[in-house]
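K.L.:
Before I ask anything, let me first share the structure, which is written out below as C-alpha cells.
We did not get these values from a lab; they are worked out from the coordinates using the rules stated. Here the structure is a predicted model, which means the values were calculated and not measured. Note: ideal-geometry Cβ built from the backbone for every residue, glycine included; neighbour counts use all protein chains shown.
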Amino acid sequence: MTAAVENNRNRGGRILCWAGAVALLLTLPVPASAQYFGRNKVQYENREFKVLTTRNWDIYFYPEVYSEENSAIEDIARLSERWYERLSRFFQHDFAITKPLIIYADHPDFQQTNTLSGAIGQGTGGVTESLKDRVIMPLTVSYQETNNVLGHELVHAFQYDITKSRSYGGIMRLAGLPLWVVEGMAEYLSLGREHPHTAMWNRDHLYRDEKPTHAERTRNPK
Ligand SMILES: [Zn+2]
C-alpha cells in the first residue's frame, strides 16, 4: 500500500483517487447533510466543453485547457492512447466503445464539477465512475504527475469495463475485492514497483508506528 494516495470507493461504482497514493477504502454514499443549503458545492464559473475524440476516448475539455500556446489537451490525447495500448495489452481486453474522459484545467475547477455529487477534497486526484463509464480529473502541476494520475484512473476504467463485460458478478464483484488489490493494481501499473513518493509515505508510517493493518488496508479509508 502506498500511503500517499488514499482512494475512496463508492458503492454506486465510483473510485475517488487521492493524489499520489494507494488506498483502501470502501466508501459510503455521500451523506445527506452534504446536500443541505449552504453546504452545496460552489460553482462560480460556467464552462463550455468541447470534445476531442481519439481512437478510444472522448476527451471533454474547455478552452482554458487548450489554446495554440497550450498543448495540454493534445498531451492528454497522446498519453491516454498510450495508456490504452499498454493496459489493453496487459489486461488482454479492449473497450467496445469510446469512453468519456473529462479534463479540468486545475484542481479548483475540478472541485466545482457538476458531474459528481458531493464535495471533492483537496487530496482527490481523480475519479473513475463505473455507472457512467467516465474518468474525471484535473491537470496537475507537472506533466509527469498528470500522466501518473491519468494512468491510475485508466487502470480503474479497465477494471470496471472488464468486470462489467464478464459474467463474474459485475461491478459488485469488483466492489467485493480488497481495496489494496484494486488500488494497488492501479498504483503498480501506473507508477511501477517503486516510487519515491510512495516510499516516503511508507517510511513516515513506519517512523510514526502508524502502519495500517491488513484489515485497514482492505476496507478502512483511514
Ligand atoms: Zn484509485
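K.L.:
State whether segment 75-205 is rounded, prolate or oblate according to the following rule on the C-alpha gyration tensor (a ≥ b ≥ c being the square roots of its eigenvalues): a/c under 1.5 gives rounded; otherwise a/b larger than b/c gives prolate, and the remaining case gives oblate.
P.N.:
Rounded is the answer for segment 75-205, as its axis ratio a/c remains below 1.5.
K.L.:
Now, a different point. When Rg is the radius of gyration of the Cα atoms in segment 64-120 and Rh is its Kirkwood radius, what does Rg/Rh come to?
P.N.:
My calculation of the ratio gives 1.06.
K.L.:
Once amide H atoms are placed 1.01 Å from N in the peptide plane, what residues at a sequence separation of 5 or more from Ser130, or on another chain, have their amide H within under 5 Å of its amide H?
P.N.:
Arg14, Ile15
K.L.:
To continue, here is another question. What is segment 81-222's relative contact order, in percent, from Cα pairs under 8 angstrom and six or more apart in sequence?
P.N.:
It rounds to 20 percent for segment 81-222.
K.L.:
May I ask you to list the chymotrypsin sites (Phe, Trp or Tyr not before Pro) in segment 139-182 that are in a DSSP loop and have at most 12 other Cβ atoms within 10 Å of their Cβ?
P.N.:
Counting only loop positions with at most 12 other Cβ atoms within 10 Å, the chymotrypsin sites (Phe, Trp or Tyr not before Pro) in segment 139-182 are Tyr168.
K.L.:
Same structure, new question: Check which residues have an amide H placed less than 5 Å from Tyr62's amide H, if you skip close sequence neighbours.
P.N.:
Lys50
K.L.:
Continuing with this model, one more query. Need one word for segment 107-160: rounded, prolate or oblate. Basis is the Cα gyration tensor (sqrt eigenvalues a ≥ b ≥ c); a/c below 1.5 gives rounded, then a/b vs b/c decides.
P.N.:
The shape class here is oblate.
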